[in-house]
Amino acid sequence: MRKFSPGSPFESNLNSLFASLVNSATNSSYNNFTAAGPTGQAADHVRGLYQCRSDLSASDCAACVSGTVPQFPHFCPSATGGVLQMEGCLVMYGNADFIGVEDKTVVYRSCGRSDAAVGARVEAVLGSLRGPSGVHGGVDQALGVSQCVGDLSYDECQDCLGEAIGRLRSECNGTAVSGDMFLGKCYARQTVERRVMISVLDSKLQTQ
């Protein structure tokens with residue numbers, strides 16, 4: 001990943017972008033911005049977006065985004081692009097034009113212990129997760145959550161979720177008591193231990 005220099009036009013644009021993301025999160029669960037700056041040079045442009053979990057309140061969304069942005073210098077020092085996926089929100093930025101571009105790259109995957117007895121419940125939950133924004137499917141004490149980033153079209157969202165859900169089925173063998181599949185522009189999660197999911201969802205800033 002290319003690095004930017006301290007005091008450079010890119011850094012100035014990045015700071016401007018971060019301010020826009022944080023300010024917007026006080027009244028919207030999703031937004032994207034481009035900071036071009038006075039030079040107008042393409043290499044200095046910074047595009048960015050944030051997406052909060054749809055069940056978060058406006059204040060929790062704002063807290064998640066404002067708490068995530070200051071972590072970029074630690075996780076992505078001087079990088080011209082970065083992504084942080086938290087429990088409550090996603091924040092990403094870069095010089096490339098990724099806004100409105102579907103991305104099914106696997107960025108995080110986790111499968112819980114296997115239990116053949118839960119297969120039917122897992123399948124029922126996964127089957128309920130096809131939706132554009134924060135669908136919560138609950139079946140027989142099992143729970144699932146899915147969401148797309150707001151820059152995707154409905155069809156792109158369905159395609160991305162289909163990939164995430166399909167990977168959960170195959171890579172967690174359809175019998176895992178819990179599973180997380182985060183792709184570049186969407187995610188799907190499930191657990192048959194409902195209290196565990198609820199506890200995790202209440203933790204707003206746990207880094208993935």
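What follows draws every value from the coordinates through simple rules; no lab data is involved. Because the structure is a prediction, the values reported are computed rather than measured. Every residue, glycine among them, receives a Cβ derived from its backbone with ideal geometry; neighbour counts consider all protein chains shown.
The mean sequence separation of alpha-carbon pairs under 8 Å and at least six residues apart, normalised by the residue count of the chain, gives a relative contact order of 20 percent. Helical runs assigned H by DSSP (4 residues or longer) give the chain a calculated mean residue ellipticity at 222 nm of -9500 deg cm²/dmol, each run adding -39500 (n - 2.57) before division by the residue total.
Computed about the Cα centre, the dipole magnitude for the chain is approximately 340 debye when only Lys and Arg (+1) and Asp and Glu (-1) carry charge, each at its Cβ. The value for segment 106-192 of Rg(Cα) / (2.2 N^0.38 Å) is 0.98.
From the convex hull of the Cα coordinates of segment 9-94, what is the mean projected area in square nanometres?
Mean projected area of the Cα convex hull: 4.9 nm².
With springs only between Cα atoms under 10 Å apart, run a GNM on the chain and tell me which of Gln190, Gln41, Gln147 wobbles the most. Among Gln190, Gln41, Gln147, the largest mean-square fluctuation in the Gaussian network model of the chain belongs to Gln41. The structure shown yields Rg/Rh (Cα atoms, Kirkwood Rh), and of the options [x] 1.09; [y] 1.01; [z] 1.14 that calculated value carries the label [y]. The relative contact order of segment 9-94 comes to 29 percent, based on Cα pairs under 8 Å that sit 6 or more residues apart. Taking Lys and Arg as +1 and Asp and Glu as -1, the other residues whose beta-carbon sits under 10 Å from that of Leu183 total +1. Write out the cysteines belonging to the chain for which the nearest other cysteine Cβ is not under 4.7 Å, or none if no such cysteine exists. That list is Cys76. In a DSSP loop and with at most 12 other Cβ atoms within 10 Å, the trypsin sites (Lys or Arg not before Pro) in segment 15-119 are Arg113.
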